[in-house]
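Read the figures in this text as sums done on the coordinates, not as results from a lab. Computed from a predicted model, the values in this text were never measured in an experiment. Here the Cβ positions follow ideal geometry from the backbone for every residue, glycine too, while neighbour counts run over all protein chains shown.
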Amino acid sequence: MAKEIRIRIDDETFEELRRRAADDHEDPDQYASRRLTDDLARTRFIEGAKAFVDEHGPAFAERFGTGTSSHAA
């Protein structure tokens, strides 16, 4: 179920939000909601990746090394 939050932003921030929403052909509320959702998803992904590296990084480095050379064709 969707929830509603109210936040206060300054006029300059609102005008930028409004411009960016218009560029994406979205209502400012929808644009802000999408950006917040995307930002939270990105944060969760980065935190999950860090947790994975913290847990499995040493074993991976031991098995495959830590060099930056690529064997990609």
| said: Under a crude label model (7 Å from the Cα following the beta-carbon direction), how far is Ser33 from Phe45 in nanometres? | reply: 2.2
| task | Using only the C-alpha atoms of the chain, find the volume of their convex hull and express it per residue in Å³. | result | 215
| Distance in nm between label sites at Arg18 and Asp54, each 7 Å beyond Cα in the beta-carbon direction? | 4.3
